[in-house]
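> This is the structure, below, for whatever I ask next.
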Protein chains: 2
Amino acid sequence: MKQPNKAAIKLKSRPHLDQVSELTTNRLSVYLRCLNQLEGAGVRTISSQALAEQFHLNAAQIRKDLAYFGEFGVRGVGYYVRDLKRHLRQILGLDRKLRVAIIGAGNLGLALADYPGFRQEGFEITALFDSLSAKVGQQSRGGVPIHDIHDLKKFVRRDAVSIAVIAVPAESAQRVVDLVVASGIKAVLNFSPGALEVPPGVKLKSVDLTVSLESLSFYLARGETDETG
Amino acid sequence: MKQPNKAAIKLKSRPHLDQVSELTTNRLSVYLRCLNQLEGAGVRTISSQALAEQFHLNAAQIRKDLAYFGEFGVRGVGYYVRDLKRHLRQILGLDRKLRVAIIGAGNLGLALADYPGFRQEGFEITALFDSLSAKVGQQSRGGVPIHDIHDLKKFVRRDAVSIAVIAVPAESAQRVVDLVVASGIKAVLNFSPGALEVPPGVKLKSVDLTVSLESLSFYLARGETDETG
């Protein structure tokens, strides 16, 4: 039996940035994570149905999300795990190395510097930056060096850093983001609480860990209401 | 002029758990964060319009989200900041202390134990748990004690812990979640990569930090496509 001609699977011309919601890209990330597990387990092909069942996802949603970018399924086979993984990495822009700087070498910054998930998908944490002279010159457990925040611009240019992660206290976060923007970085992942401003053309994504905890609190409060009332 | 009778503002009978999406509760958390800032700045009343403009939110969405739980606006005034804050805390179940245990006293667990946002909203991080005997008996910088994971059940009962945060490597995450569930905890916030299983009646929320970074990667890839093509 002939292998299908892989070159014949074409990516659709990329839809415009604004048309793809962050919820969609988040799901693509989740699919990629599942495919990594499948490939690790030696699985070569999978249907959207089996993918959904195995990872508690929605088969129709999977098909819809993927159809947005091209036709990846093969009739009677499903998806070739390795091919779909390659396509998803391409769609998510992971088919090249992305260099990341972490600003703030406190507990959180150090934890993020050594977070295994980042490296796994091809992100390279090039450096931590801090303003405390006692920290500058040290490194994370995993060996990420800590530089002086004043040298940020120099390192961003030298190492072609494209993403900054903000892990500083709320009171210095806006000042740090301004420095990051001035260094030429166009994508910022923020872990500080509170609203931050960036100019147009810079993408800011905030991760508020309290929000996650509060949605559990909401669930617990409702659960108790349901039980007692 | 008479103050409106605050007792007259009634919470709607709580809608059923399944009807309120996690996106809604996430937004309520964001509103609460904004109201905290406003109260700190001495602001006493605010309209949905002003709230939206100041924090880059959507005024219609704010009104819709709040209307789901009751009528909190006062004609010609907008919202009383302190009252709305109190209502949101009540809706989110933050009007009582919620005790949290963090499993895993590595970089991430230690960072989370001292994360200021948790404490601010009334969550109390009672303890870290780890299986490494070298860590047991130590504490985080902020003073959260590290206990032996084998004592989890005992401490969960003694301290009435209701939420567990999982900050262990992927390979031990499912084993740890099983321990957490066996200890009687009904809400789990997971920072480990990979899918975890919990029995019905236990709420699991996963925070995958790689997903956030990948949505920035997607944005950068698109941005470059838009510029060059």
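Readers should treat all values here as calculations from the given coordinates under stated rules, not as data from a laboratory. Treat the numbers as computed from the prediction; the structure is a model and nothing was measured. Because the Cβ atoms are built from the backbone with ideal geometry, glycine has one as well, and the counts that use them run over all protein chains shown.
> I'd like the antiparallel share, as a percent to the nearest 5, of DSSP beta bridges with both residues in the range B:98-211. Can you show the working numbers first?
Values: 1 of 23 bridges.
So the antiparallel bridges amount to about 5 percent of the total.
> Follow-up. What is the extension gain from A:Gln61 to A:Ala160, computed as 0.36 nm multiplied by their sequence separation minus the C-alpha to C-alpha distance, in nm to one decimal?
32.0 nm
> Taking only the alpha-carbon atoms of the protein assembly as shown, what semi-axes of the equivalent ellipsoid follow from 5 times the gyration tensor eigenvalues under a square root, in whole Å, largest first? Show your work: numbers first, answer last.
On the way: eigenvalues 242, 148, 147 Å².
Working from the Cα gyration tensor, I get semi-axes of 35, 27, 27 Å.
> What is the minimum Cβ-to-axis distance for chain A, in whole Å, where the axis maps A onto B, and to which residue does it belong?
A:Ala111, 2
> Right, another one. Restricting to Cα atoms and excluding each atom paired with itself, what does the Kirkwood estimate give for chain A in Å?
Every distinct Cα pair counted, the radius reaches 20.2 Å.
> Here is a further query. Could you work out the relative contact order of chain A? I mean the mean sequence separation of Cα pairs under 8 Å and 6+ apart, divided by the number of residues, in percent.
13
> Quote the charge dipole size of the protein assembly as shown about the Cα centre in Debye, to the nearest 20; the model charges only the Cβ of Lys and Arg (+1) and of Asp and Glu (-1).
560
> Pop a pseudo-label 7 angstrom from the Cα along the beta-carbon direction at both A:Gln120 and A:Thr45 and give the gap in nm to one decimal.
Using points 7 Å along Cα→Cβ, the separation is 2.7 nm.
> Which entries in A:Lys203/B:Lys203; A:Lys135/B:Lys205; A:Lys154/A:Lys186; A:Lys97/B:Lys205; B:Lys153/B:Lys203; B:Lys64/B:Lys97 show an alpha-carbon gap greater than 23 Å?
A:Lys203/B:Lys203; A:Lys135/B:Lys205; A:Lys97/B:Lys205; B:Lys64/B:Lys97
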